[in-house]
Amino acid sequence: MNSRDQLTQDQLSRIVVVKQVAAQDVLDTFPDRYQILSNDVAKDSWQLLDTFDQELKNAGQILLRRHNQIILVQPDTGIFLQDKCPKRWSFVSELKTGAVSQYLQGVDPLRACLPLVDLDVSWQHHRFLDDQQKTICRLDWLTLKLKNQQVSIIHLKGVRGYKKAFKSFTAALNQHSGGADHGFGMIWEVLCTGQHVAPKKQNFLIDPHERAAQVKTDLIGFYLAHARASEQGVVADWDTEFLHDYRVSLRKVRSVLSLFKGVFSEDVTRALKTEFSNVMRSTNDLRDLDVYLLDKQDYLALVPEPMRPGLEKMFTGFASERRKQLKKVRAQLESSDYQQEMQRLQQQFPEYNGTRLAPSIATPLGPLAEEPVGEYASKLIYKRYRKIRKMARVINDGTSDQEVHELRIEFKKLRYLMEFFATLYPPLELKELLKSMKSLQSSLGRFNDYSVQQISLNIVVEMQQQGKRKADMDIVRSIGALVAAIHAKQLEARRQIALSLDGFTGDKMASMFTRLFHASTESKTNEDQSSGKVGDASGTGEIKAAKADGSSSNPVDPSSKPAANSPAAGNAHSTAAAKTPAPQPKSRASAKANKEATPSSDEVAATSAVDPTATEPVVEARAGTETKPKENTSEGTTSNPGKKSTSLVKISVSAALHSSNEDSF
Amino acid sequence: MKVIACYSNKGGVGKTATAVNLAYAFADDGLKVLLVDLDPQGASGFYFRVKPSKKLLKDAFFQDEKRFVKAIRGSDFSNLDLLPSNSSFRDFDLFLAQMKKSRSRLKKTLRTVESWYDLIVLDCPPNISKLSESIFATADQIIVPVIPTTLSERTLDQLFDFFQENDYAKAKLTPFFSMVQSQKSLHKDTIARLSQSHRKRFLSTQVPFSADIEKMGIHRAPVATFAAFKPAAKAYGSLQKEIRKRLLKSFKGPN
């Protein structure tokens, strides 16, 4: 084994980073019995690239671009050059396999590599030759310059069998780098000072004793700032992830608003929800088209070869519609109305990232505003879990899709809650719990994706048949084939749900939920009442009882009752009840009602909220089609005169597809 | 890991040139290659500017794994390493004669570096000896350069006879025409006759007699590195492709 280890190359490789050191000064100190051959590999000005999420920086990689070449610097493996790249590229997937791209597989394929700054680059390759003119060591010297700052990456590469020479070179090099390397982090420090990027994850700690109202404000502030950080990328259309992130952040804001019941006053909660959903709605169509176009290849693969030209036509239409929608979204985000509205909201919910600014606009509070958030969170999560378990028990192969959709929404709410409050709980246990929820989550997501896709595609067909111009039979036929393929997939996903549900309703899951979200409150109560009982024991009792009945009227469960009777819960119920049958004055009332009752695009935020301003025809049509595609579509078309043909395409496209796809953030 | 041997029981047929250029071509093709110089004259090492291995003395090649590995040198080309010989290699027959299971000795040594290389190319001394028998047993393919002359024809026949008599797999023998001068009628006739009598055994590539191959001694590098577009370099390229094909087809691994 020992003998084999000697062959490993890493012993013959050393990389150091130095600041403001000239190459010649170092080379002069190398043993002079070797001849040096030098050549320039690259020079001139190169663009430093990274994605918006700083994936490259986080991975310790430095990526440079000039014309059709790219250079990659990695702390462990050195410096690589790849040429014959496309002149213009944004996504790693656009690069052919090569010396550099093989190391970029970790970069999100949907994120553009954006130019950050131009650097003066000089990369020299030196070879050291012995008396036989044999290369016995190599050295790459790459210097990056920004104004008067410069940093060099030096990679010394020994040759197998010439270890002595390598050692003497390493010793010489160490004199200059002071023995201790500056890390790769220094390169970024030197080259990109003051560059600000919003953090991707909600990574601040929540103090369990903090007031619920404060935490709610913090979370809204965090996600609002996050959404705003994406605006520039949406407007510039760097990649589709900016809009996706923007919408995910806004959806989180809406979820915090609606899920944290009783913390803000009812009126203000409703008004805020309306406001945020209006902001978001104007981006629905663009996102739908993005999702369609991103999945184009998958769609094409679903239908047999002869059906593909028809789909290609459909996608060409989508692409041109996307350009229009992008213009619209740009105009909206750049409008002074929007800017003012956002500024006002940020005054009410200042950016939060662990440090807090006092809001300059106060938010009227509700009855649970002062609750310590730790207990409040556990109650919310546990209650939601119990509710889902109850719903899940009655689901089998015969249950209607409608019930599966309802389950999905509740499940999503549960997941959101667990994410918002994640830092309150032991990370490993929470991670394990989330992991075991994963299979159900993904099968529910797929089930919804497929059902929404079918509906929206059917609408495209309806549009074709009822539009002014003659229907394009190519498109209609191809979509028919596509819908059939998707339907088969949906049935499969439905079967998967049934399988995953067993795990979710099982004892193991129950004990995990109880331990994390219930045992603490319970053991506290027990401690107060009788010190003889231990939390663990009562926990077990609770599981048994839960198994036996599953409802919240569990005698061993002292905390669930007050939760169920809390004003927040009461509110939620009555609101929902009042809403569903609410009569609508407009002709598309049924559609509206359906939207509230069924999984709609914005379900988490929308289900418990009446959205009084949601009267835009597009949304109504979308919502309606989710349950009654045919009726509503025909109704939609007849009530829309022929001149609105573009908006018909728009409706068809926006038919709720995006909601499902955004499950997977 | 596969092993090919460049071997001929006749000297001066272009063995070392074949070993060096084939090793380079395989490395250029993306395989990790070790060229092992078994010839005490050390010509392979000379072509790669590598000095003789000072510490791999006596029977250390067969007995001392650590030294064997330590003696390996990286060439100036990626994927290509070299084990240089030294004058003590001429006593290999002696050492092998004293060892038990001498036929499998070479294979055992090469296995030390099995995980590091896809291919080992052996540059062999020109005789039939204990060492050659070790080579015959070890190699997956034995590449035999044949100058199309009567004398070479005779030595090739002798080699086939030897394989027949000693039960070595004749299928391993892969001759090709080397140092071909197509303007000579003797070469043409010999090629025609041998191709006929050794049907399918000869590789179709012929390496021409070439000044460029001789110039390897001046450049001290494989011919493809300084005369890439000349016929000689191209011939070694196509020779490599043919051998790769046969390696993939006929042998599943070292037998």
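The values are calculated or read from the model by the stated rules, or taken from the named source; none is laboratory data. Everything numeric in this text was worked out from a predicted model, so none of it was measured. Here the Cβ positions follow ideal geometry from the backbone for every residue, glycine too, while neighbour counts run over all protein chains shown. The area values use the complete protein model at the heavy-atom level, side chains included, leaving out ligands, DNA and RNA. Shrake-Rupley method; radii C 1.70, N 1.55, O 1.52, S 1.80 Å.
Here the calculated FRET efficiency for A:LEU146 and A:ALA171, from their Cβ-Cβ distance with R0 = 25 Å, stands at 0.20, rounded to the nearest 0.05. Taking the Cα centre of the range A:302-388 as origin and assigning +1 to Lys and Arg Cβ atoms and -1 to Asp and Glu Cβ atoms, the resulting dipole is close to 400 debye. Candidates A:THR77, A:TYR162, A:PRO31 compared by Cα position along the dipole of the range A:20-164: farthest toward the positive end lies A:TYR162, with charges placed on Cβ. Interface residues of the range B:95-133, defined as those losing at least 50 Å² of solvent-accessible heavy-atom surface relative to the isolated chain (probe radius 1.4 Å), are listed as B:TRP116.
Burial annotation for the range B:35-70: residues with an accessible-area loss of at least 30 Å² between the isolated chain and the complete set of protein chains, computed on heavy atoms with a 1.4 Å probe, are B:ARG49, B:LYS51, B:LYS66, B:VAL69. With protein chains left intact and a 1.4 Å probe, residues in the range A:309-430 average 47 Å² of accessible area per residue. Distance from the Cα centroid of the range A:426-451 to that of the range A:46-95 is 34 Å (rounded to whole angstrom).
Amide H to amide H, with H built 1.01 Å from N, B:VAL36 comes under 5 Å of B:LEU83, B:VAL121, B:LEU122, B:ASP123, counting only residues 5 or more places away or on other chains. Applying a threshold of 25 Å to the alpha-carbon distances of A:LYS379/A:LYS438; A:LYS96/A:LYS145; A:LYS201/A:LYS508 flags A:LYS96/A:LYS145; A:LYS201/A:LYS508 as lying beyond it.
For chain B, list log₁₀ I(q)/I(0) at each q in 0.10, 0.11, 0.16 Å⁻¹, using the Debye formula over Cα point scatterers of equal strength and ignoring solvent, two decimals each. Rounded to two decimals, the profile gives -0.44, -0.54, -1.21. Computed over the range A:1-134, relative contact order equals 32 percent, with contacts defined as Cα pairs under 8 Å that lie 6+ residues apart. Please compute, over every Cα-Cα pair in the range A:293-425, the percentage with a separation greater than 23 angstrom. Looking at the range A:293-425, the distances longer than 23 Å represent 68 percent of pairs.
Using a probe of 1.4 angstrom, how much of the accessible area of the range B:2-247 is carbon and sulfur, in percent?
Working: 5340 of 10620 Å².
It is 50 percent, rounded to a whole number.
Loop-located trypsin sites (Lys or Arg not before Pro) across the range A:3-83 with a Cβ neighbour count of 14 or fewer within 10 Å are A:ARG33, with loop assigned by DSSP. Taking amide H as placed 1.01 Å from N in the peptide plane, A:ALA42 has its amide H under 5 Å from the amide H of A:TRP123, each at least 5 places away in sequence or on another chain. Taking only the C-alpha atoms of the range A:31-101, Rg followed by Dmax gives 14.5, 49 Å.
Taking the Cα centroid of the range B:91-148 and of the range A:274-292, what is the distance between the two, rounded to the nearest whole Å? Centre-to-centre distance over Cα atoms comes out at 72 Å. Of the trypsin sites (Lys or Arg not before Pro) in the range A:340-412, the ones in a loop by DSSP (not H, G, I, E or B) with at most 15 other beta carbons within 10 Å are A:ARG356. Computed with a 1.4 Å probe over protein heavy atoms only, the accessible surface of the range B:2-247 comes to 43 Å² per residue.
Summed over both chains, the area buried between A and B is near 1700 Å², taken from the accessible surface of protein heavy atoms with a 1.4 Å probe.
Calculated accessible area for the range A:81-171 comes out at 46 Å² per residue, all protein chains present (probe 1.4 Å; ligands, DNA, RNA ignored). Structural descriptor for the range B:2-247: relative contact order 26 percent, calculated from alpha carbon pairs under 8 angstrom and at least 6 residues apart.
Note down the Stokes-Einstein diffusion coefficient of the range B:190-255 in µm²/s, whole number, using a Kirkwood radius over alpha carbon pairs, 4 °C, and 1.567 mPa s. Result for D is 94 µm²/s. Charging the Cβ of each Asp and Glu at -1 and of each Lys and Arg at +1, and nothing else, the dipole of the range B:125-255 about its Cα centre rounds to 580 debye.
Around the Cα centre of the range B:2-247, unit charges on the Cβ atoms of Lys, Arg, Asp and Glu (plus for the first two, minus for the last two) sum to a dipole of about 260 debye.
List, by residue number, every residue in the range A:134-169 with a reduction of 10 Å² or greater in accessible area between the chain on its own and the complete protein assembly, 1.4 Å probe. So the qualifying set is A:LYS134, A:THR135, A:ARG138, A:VAL159, A:ARG160, A:GLY161, A:TYR162.
At 1.4 Å probe size, with the rest of the protein present, what percent of the exposed accessible area of the range A:190-310 is carbon and sulfur atoms? The C+S portion of the solvent-accessible surface of the range A:190-310 is 53 percent.
Over 19 Å apart at the Cα level, from the set A:LYS134/B:LYS66; B:LYS51/B:LYS241; B:LYS70/B:LYS108, are A:LYS134/B:LYS66; B:LYS51/B:LYS241.
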